[in-house]
Amino acid sequence: MSKAIFGGKDKITAAIAQVSPVFLDKKRTIEKAIEYIHKAGNEGADIVVFPESFIPAFPYWQQGYNDPSIDWFDVHVKFQEESVVVGSKDTALLAEAARQANVHVNMGCTELDDAVGSRTLYNTMLYFDRNGNLYGRHRKVVPTNQERCFHGMGGGGDNLKVYDTDIGRIGGLVCWENHMILIRALLALQGEEIHIANWPGTWSGLPTEDMTYVDRESKNPQSYNTSDVEPAIRAHAFEAQTFVISACGYQPADEVPDDFPYKDKTNWDWANGGSSIVDPFGCYVVEPVYDKEALIVAELDGTMIKAAKNGFDLLGHYSRPDLVQLSYNNTEYKHLTEMVKTSQPDDEAALQEIKAQLLELTSKLK
């Protein structure tokens, strides 16, 4: 059994495509994704990561039954029609781009359920390898806040799996799943070497007028540093001794069509990027990049994982399974299951034996 890091490579190159989608236009957004997959390949990247629900766009807008019915109706139907279907031309195009560019692709998307009869949408992360195989799908287990108007909850099976690839062991979580302690632990305990975290942007976590947390440079109490993204990714990197590739969404308001009914009712300010890469000591390889499209590329050094585990090894000298263990139900439940048929005596000998037993019982009763 190999104990090599990064599939035996000393270093790998990671990229983040912090780019805006073509708003609610799946075809053109996939075309843009393919462009950046090839750019990442040309930069020598081994893996390129896209933000949360990049295809066809993250649902930043608030929407509910109190809205004008025609707006509610049209937007929900549009969102379904423009969402990704696994096993269709959508994923075939992305897979072929990954193959041609010779790069692993992790794609954030809103996914239309491929189950027969279902029209539920999921906040999904898709994994493609450099040979063009779609080898993993993660559906966010709990939609956050207004996402619950759009997305269903991901389930069991392989939904929370770390994958062993030619560039190392890769896992990932969507947005606030990165705060779900036991879910993070489940991935860490599977030996992650690369953790992917994707987000819709960066935000101020709470009203900050009277808070003491300020930006180191501007001293502005409304700064990005009040966001929960930074502590989440840095903590997981250190605790799991893994690199974290954090891809954050970017959606300029001026790229949202004027006829979109919720454009003027939405605060687009936090769709501002903030993508970064963190090493296994919790330090930045690439500090957050804000307010622009960018292909962020960095080299990851596998010896950093070895050095970090020398100090804190979650799966070694800092583990205590005799005290604490994690139980995970990976059952994938289905609507229809076949009943298990009980065996029936169908041969003559068995029937004769039963008749003899009945006769014996009858005689005793007499």
Probe 1.4 Å - accessible area at Ser363, Å² to nearest ten: 70 Å²
Relative contact order for the chain, counting Cα pairs under 8 Å that sit 6 or more residues apart, in percent: 19 percent
For the chain, share of DSSP beta bridges that run antiparallel, in % to the nearest 5: 60 percent
Pairwise label distance in nanometres, Asp158 with Glu353, each label 7 Å out on the Cα-Cβ vector: 4.4 nm
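Given the Cα-Cα distance of Asp258 and Lys334 and 0.36 nm per residue of separation, how much length would full extension add, in nm?
Values: separation 76, 0.36 × 76 = 27.36 nm, distance 4.18 nm.
Working it through step by step, the gained length comes to 23.2 nm.
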Debye equation applied to the C-alpha atoms of the chain, log10 I(q)/I(0) at 0.12, 0.13 Å⁻¹: -0.89, -1.04
Bins of 5 Å from zero: percent of alpha-carbon pairs in the range 1-66: 4, 15, 18, 16, 14, 11, 9, 7, 4, 2, 1, 0
Stretchable slack from Arg28 to Lys292, in nm (0.36 nm times residue separation minus alpha-carbon distance): 93.1 nm
Accessible area (Å², per residue) of the chain, counting only protein heavy atoms and a probe of 1.4 Å: 52 Å²
Nearest-10 value in Å² for the accessible area of Val324, using the 1.4 Å probe: 110 Å²
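Take every Cα-Cα pair in the range 32-186 and report what % of them are more than 23 Å apart. Walk me through the numbers before you get to the answer.
Numbers: 4635 of 11935 pairs.
Cα-Cα pairs in the range 32-186 separated by more than 23 Å: 39 percent.
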Between helix 69-81 and the chain: long-axis angle, C-alpha atoms, 0 to 90°, nearest 10: 80 degrees
More than 19 Å apart - percent of Cα-Cα pairs taken over the range 23-104: 46 percent
Rounded to whole Hz, the Karplus (6.51, -1.76, 1.60) HN-Hα couplings of the range 100-106, x for glycine and proline: 5, 7, 6, 9, 5, 10, 10
Largest-first ordering by accessible area, 1.4 Å probe, given options Lys39, Lys32: Lys39, Lys32
Compactness index (Cα Rg / 2.2 N^0.38 Å), the range 224-366: 2.19
Over the chain: helical MRE at 222 nm, DSSP H runs n ≥ 4 each giving -39500 (n - 2.57), nearest 500: -8000 deg cm²/dmol
Leu300, Leu336, Leu361, reordered so the largest accessible area comes first (probe 1.4 Å): Leu336, Leu361, Leu300
Gap separating the Cα centres of the range 115-164 and the range 52-112, nearest whole Å: 12 Å
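Sorted by average packing, counted as other Cβ atoms within 10 angstrom per residue and highest first, what order do 162-169, 113-120 take?
Working: 162-169: 19.2, 113-120: 10.9.
Ranking the peptides 162-169, 113-120 by packing returns 162-169, 113-120.
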Fully extended contour minus Cα-Cα distance, from Glu360 to Asp269, at 0.36 nm per residue: 24.2 nm
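The values are calculated or read from the model by the stated rules, or taken from the named source; none is laboratory data. Because the structure is a prediction, the values reported are computed rather than measured. Don't worry about glycine lacking a Cβ; one is built from the backbone with ideal geometry, like all the others, and counts go over all protein chains shown. What goes into the accessible areas is simple: the full protein's heavy atoms, side chains included, and nothing from ligands, DNA or RNA. Shrake-Rupley method; radii C 1.70, N 1.55, O 1.52, S 1.80 Å.
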